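The values are calculated or read from the model by the stated rules, or taken from the named source; none is laboratory data. In this text the structure is predicted, and so the values were computed from the model without any measurement. So basically every Cβ, Gly included, is an ideal-geometry build from the backbone, and we count neighbours across all protein chains shown.
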Amino acid sequence: MPSGETGRWVLYTRRGCHLCEQTEDWLAALGFSPTSHAGHFVDVDGDASLQRLHGHRVPVLAVDGVVLLEGRFTEADLVRAAGRLVTAPASGRGDPARRSAPPPS
């Protein structure tokens, strides 16, 4: 499971979307789940404004409101984006010790 402070992430999905299901599986394999990290899945069809915004682009992965990935992407793309999920400060509350630690030699 990833360690470190996580940003607030959202995976916008839709029921019956095979790309969304695949992305959920990939996130789970990387150790990211709504129960283990500061994130959650949102069905865009449950909210008209989200349906308009993301409906034709799902799956959409965003962290702290910034879209990282959308539509068709590879597992490698998601692995790279997962680094952003781990290093982004949660709600602006990054770990001060991590910020001030010297770079590894």
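General observations
- Residue count for region 13-41, restricted to those that are touching a residue at least 24 places away in the same chain (Cβ under 8 Å), farther than 19 Å from Arg80 by Cβ and within 11 Å of the chain's Cα centre (by Cα): 3
- Of all residues in region 34-63 being assigned to a loop (DSSP other than H, G, I, E, B) and touching a strand residue (DSSP E or B) at 6+ places or on another chain (Cβ under 8 Å), the one that is nearest to Arg8 (Cα to Cα): Ala38
Okay, residues lined up against (1) buried (at least 19 other Cβ atoms within 10 Å of the Cβ); (2) at pLDDT 80 or above; (3) among the hydrophobic types (A, V, I, L, M, F, W, C); (4) at positive phi:
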{"position": "Gln22", "(1), (2), (3), (4)": "no, yes, no, no"}
{"position": "Asp25", "(1), (2), (3), (4)": "no, yes, no, no"}
{"position": "Pro59", "(1), (2), (3), (4)": "yes, yes, no, no"}
{"position": "Val63", "(1), (2), (3), (4)": "yes, yes, yes, no"}
{"position": "Thr74", "(1), (2), (3), (4)": "no, yes, no, no"}
{"position": "Val86", "(1), (2), (3), (4)": "no, no, yes, no"}
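- In region 42-69, the residues that are without any contact (Cβ under 8 Å) to a residue 12 or more places away in the chain and over 22 Å from Arg84 (Cα atoms) reach residues that are assigned to a helix (DSSP H, G or I) and of a type in the set (Asp, Glu) with C-beta atoms within less than 6 angstrom, at least six apart or across chains, in these pairs: Gln51/Asp45.
- Within region 75-90, residues that are within 13 Å of Ala62 (Cα to Cα) sit with their Cβ atoms under 9 Å from residues that are at pLDDT 85 or above and β-branched (Val, Ile, Thr), at 6+ positions apart or across chains, in these pairs: Leu78/Thr23; Ala81/Val63; Arg84/Val63; Arg84/Val66; Leu85/Val63; Ala88/Val63; Ala88/Val66.
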